[in-house]
Amino acid sequence: MKRTLYFLLTLSLFSSCKQFMHLTYEERHAMQDRRIADMAKAKVLTPSPETESTTSVQNDSKTVVEKIEESTSGQGVISPPDRKLSRAEYIQYFKDYAIENMVKHKVPASITLAQGIFESGDGNSKLAKTANNHFGIKTYGGWTGPYVIHSDDRPDDRFRKYDSVLDSYMDHALFLKNNRRYAALFELKITDYKGWAIGLKKAGYATNREYHRRIIKLIEENNLMQYDKIGMKRIRALEN
């Protein structure tokens, strides 16, 4: 009985090998690919404890910034966590907003991010938390939307309130673009962040005498110029 079973198994194996040898190169590799795919599928459906622990370690080893990039990839409106943000986190959360405004409205991404960092304290200020206002824009200029009372130059200053940070970024670009006070800025090179920073101070965006220097320092310390380069590539691609 054992000999018969052995003979049948050997014959079956020989037949399979012979059949495999007669297959074309493409057919052999297609068969191997199917087997590999079946094996991989089986492993996914029934992961081993070792695989699970390895995946967990890999996820834990990712930096906070890497996790932010994964979680916000492809999203239209970003909702940052209800906790204090680091500067690196702030930049990773909102750099795409700044680049988008550069492409659409020709405001340097570096300037937008630096102003957002400075005006909102990396997104941690009371105004940023309660009103999604990251640029300290007040209700001047015919604003008819909601607002909050916040102490600034005066104890009862009214600041614009937004539904999301995205709205704040969009309104910041339009605020500069549609205000004659800032018209001279758009005559500068879009990559001239120093000229833009000085121009913002001269136009009266802020009362801080060191405003332009603070903005330039933030840009250079955090290499925000890299996002201007990304914006320029997209602008050129659209023009061609």
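Here are a few things to note about the model shown:
- Top-ranked residue of the range 118-127 - restricted to ones that are of a type outside the set (Phe, Trp, Tyr) and touching a residue at least 12 places away in the same chain (Cβ under 8 Å), ranked as most open to solvent (accessible area, probe 1.4 Å): Lys126
- Pair list, Cβ < 8 Å and 6+ apart or interchain, from the range 186-197 residues that are open to solvent by less than 40 Å² (accessible area, probe 1.4 Å) to residues that are of a type in the set (S, T, N, Q): Tyr193/Ser110
- Residues (in contact with a Phe, Trp or Tyr (Cβ under 9 Å, 6 or more places away or on another chain) and either free of Cβ contacts under 8 Å to residues at least 24 places away in the same chain or crowded, with 20+ Cβ neighbours inside 10 Å (or both)) located in the range 138-149: Lys138, Thr139, Gly145, Pro146, Tyr147, Val148, Ile149
- When restricted to residues that are of a type in the set (Gly, Ala, Ser), within 20 Å of Arg87 (Cβ to Cβ) and assigned to a helix (DSSP H, G or I), the range 190-206 contains 1.
- Just one residue in the set Arg154, Arg209 is under 24 Å from Arg87 (Cα atoms), in a loop (DSSP other than H, G, I, E, B) and either without any contact (Cβ under 8 Å) to a residue 12 or more places away in the chain or open to solvent by 60 Å² or more (accessible area, probe 1.4 Å) (or both); that residue is Arg209.
- The combined condition, being surrounded by fewer than 16 Cβ atoms within 10 Å (Cβ to Cβ) and not basic (Lys, Arg), is fulfilled by Ser164.
- Output for the range 212-225, where each listed residue is touching a residue at least 60 places away in the same chain (Cβ under 8 Å), part of a helix (DSSP H, G or I) and not β-branched (Val, Ile, Thr): Arg214, Leu218, Met225
- Once the range 79-98 is narrowed to residues that are at pLDDT below 95 and touching a Gly at 6+ places or on another chain (Cβ under 7 Å), the residue that is most open to solvent (accessible area, probe 1.4 Å) is Pro80.
- Checked against the criterion of being outside any loop (DSSP other than H, G, I, E, B), closer than 21 Å to Arg87 by Cα and touching a strand residue (DSSP E or B) at 6+ places or on another chain (Cβ under 7 Å), the range 130-141 has at least one qualifying residue.
The values are calculated or read from the model by the stated rules, or taken from the named source; none is laboratory data. Bear in mind the structure is a predicted one, so any value in this text is a computation, not a measurement. Methodologically, a virtual Cβ is constructed for each residue, glycine included, from the backbone with ideal geometry; neighbour enumeration extends over all protein chains shown. Just the protein is used for accessible areas: all its heavy atoms, side chains included, with ligands, DNA and RNA removed. Shrake-Rupley method; radii C 1.70, N 1.55, O 1.52, S 1.80 Å.
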